[in-house]
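The values are calculated or read from the model by the stated rules, or taken from the named source; none is laboratory data. Please read all numbers here as calculations on a predicted model, not as lab measurements. Please note: Cβ atoms are built from the backbone with ideal geometry, for glycine as well, and neighbour counts cover all protein chains shown. These accessible areas exclude ligands, DNA and RNA; they are computed on the full protein's heavy atoms, side chains included. Shrake-Rupley method; radii C 1.70, N 1.55, O 1.52, S 1.80 Å.
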Amino acid sequence: MVIEYKLIKESSECMARLGEIRTPHGSFPTPMFMAVGTQATVKTLTREELEAAGARIILGNTYHLWTQPGHELIREAGGLHKFMNWPHPILTDSGGFQVFSLAKLRDIGEEGVTFRHHKSGAPLYLSPELSIEIQNALGSDIMMVLDECPPYPASYEYMQKSVARTIRWAERCKNAHRNPDRQGLFGIVQGGEYRDLRELCARELVALDFDGYAIGGLSVGEPKEIQNRVLAETTPLLPENKPRYLMGVGSPGMILDAVERGVDIFDCVLPTRIARHGTAMTRRGRLIIRNKEFEHDHRPLDPGCDCYTCKNYTKAYLRHLFKAQEMLGYRLLSIHNVRFLLWLAERIREAIANDEFYRLKEEIYREYGLYDNEKDF
């Protein structure tokens with residue numbers, strides 16, 4: 001296998017596990033948060049800033065890179081790593097989530113999906129084979145199969161047909177993969193909230209022997225109790241010697257809940273998206289930097305944080321940047337938020353190593369205010 005997972009320690013308290021994932025562009029410890037570089041950039045941040053924040057792997061988006069600048073141009077540049085000057089591991093999604101969440105007038109068929117570009121309205125077609133062809137051209141370390149991303153809620157009958165299609169598409173993706181010695185390929189377990197469909201999907205995908213497995217179809221609006229139940233039921237179905245990836249999760253509470261149930265890696269646009277709207281993730285919960293209360297606050301965002309922003313700038317200055325609509329404000333808050341989630345991953349790894357996961361979870365929930373708020377933004 002081109003992607004190797006090394007189990008270092010299992011928690012004595014729960015299903016959480018400490019590990020390491022090895023890829024053609026280096027290794028990284030797990031649990032790990034992946035910042036999202038949708039269009040070959042983690043918005044507003046340079047490679048050096050990401051490295052300083054502790055990023056060891058980032059995610060690129062197949063749909064967006066296919067439509068702009070095009071996968072052939074990136075292949076011509078020597079692949080995504082060279083194109084964006086990122087020498088560390090990259091995971092690319094299949095484009096499926098964007099097709100099902102952004103695209104207009106989609107029509108799902110057995111061969112693939114016909115749809116219209118989310119901005120221009122131009123007609124597009126994506127099949128399992130084309131998704132893999134694009135990702136092969138991008139040269140990512142970890143590729144994802146094209147799956148159907150069903151809505152929540154969905155009926156059992158709909159989900160049953162969707163899972164069957166996802167399994168068939170997964171096999172087609174594996175058959176279309178042209179660089180198995182240089183790029184790993186992960187299967188995606190779907191099935192919504194239905195345990196037997198999750199079991200069926202996991203069983204069929206494990207039989208196909210992918211390099212790792214993602215759990216899809218969560219963090220799409222379902223109640224927290226359903227998400228946690230599905231995770232607790234699904235992760236034991238996946239191989240212990242391969243990575244487990246929960247797609248689209250980036251809030252502290254959801255990360256902790258998923259690690260508790262045996263998940264290794266996560267991704268989300270959350271830290272940079274909310275940064276652009278003036279929200280900081282701090283150890284005492286979220287902070288809206290535009291608020292009047294910070295006009296004369298000459299302290300850092302988070303006194304305990306070791307990021308570049310907190311070492312060099314105050315809340316009063318950051319508030320000024322946002323009030324003046326200066327781009328530097330977006331960058332500085334993005335640096336901080338990305339560092340916050342990577343710091344959280346570091347704390348989680350340390351807690352698992354010391355068999356103190358539940359102590360850490362209690363601390364984060366209490367200090368971040370998750371017991372006080374229903375929404376873990």
For residue 343, work out the one condition from (1) in contact (Cβ under 8 Å) with a residue 40 or more places away in the chain; (2) surrounded by fewer than 17 Cβ atoms within 10 Å (Cβ to Cβ); (3) within 22 Å of residue 19 (Cβ to Cβ) it doesn't fulfil.
(2)
Residues 337, 354: which one is among the polar types (S, T, N, Q) and under 25 Å from residue 11 (Cβ atoms)?
354
Every residue from the range 41-55 that is open to solvent by 50 Å² or more (accessible area, probe 1.4 Å), assigned to a loop (DSSP other than H, G, I, E, B) and either in contact with a Pro (Cβ under 9 Å, 6 or more places away or on another chain) or in contact (Cβ under 8 Å) with a residue 12 or more places away in the chain (or both)
41, 43
Within the range 109-118, can you find the residues that are out of contact with any helix residue (DSSP H, G or I) (no Cβ under 8 Å at 6 or more places or on another chain) and open to solvent by 40 Å² or more (accessible area, probe 1.4 Å)?
111, 114, 116
Among the numbered criteria (1) closer than 22 Å to residue 250 by Cα; (2) open to solvent by 10 Å² or more (accessible area, probe 1.4 Å); (3) in a helix (DSSP H, G or I), which single criterion is violated by residue 332?
(2)
Enumeration of residues in the range 283-301 that are surrounded by 17 or more Cβ atoms within 10 Å (Cβ to Cβ) and assigned to a helix (DSSP H, G or I):
294
For the range 350-361, give me each residue that is outside any loop (DSSP other than H, G, I, E, B) and either in contact (Cβ under 8 Å) with a residue 40 or more places away in the chain or open to solvent by less than 80 Å² (accessible area, probe 1.4 Å) (or both).
351, 352, 353, 357, 358, 360, 361
Which members of the range 1-40 meet the condition of being of a type in the set (Val, Ile, Thr) and either crowded, with 16+ Cβ neighbours inside 10 Å or assigned to a loop (DSSP other than H, G, I, E, B) (or both)?
2, 3, 21, 23, 30, 36, 38
Test result for residue 207, closer than 15 Å to residue 237 by Cβ and over 24 Å from the mean Cα position of the chain (by Cα):
yes
Restricting attention to the range 194-218, which residues are buried (at least 20 other Cβ atoms within 10 Å of the Cβ) and part of a loop (DSSP other than H, G, I, E, B)?
210, 211, 216, 217, 218
Specify the residue that is farthest from residue 15 (Cα to Cα); the eligible residues are those in the range 227-266 that are open to solvent by 30 Å² or more (accessible area, probe 1.4 Å) and in a helix (DSSP H, G or I).
254
Matching residues, the range 82-108, being aliphatic (A, V, I, L, M), modelled with pLDDT under 90 and surrounded by 14 or more Cβ atoms within 10 Å (Cβ to Cβ)
99, 102, 103
The correct count of residues that are out of contact with any His (no Cβ under 7 Å at 6 or more places or on another chain), in a helix (DSSP H, G or I) and surrounded by fewer than 20 Cβ atoms within 10 Å (Cβ to Cβ) in the range 302-320 is 5
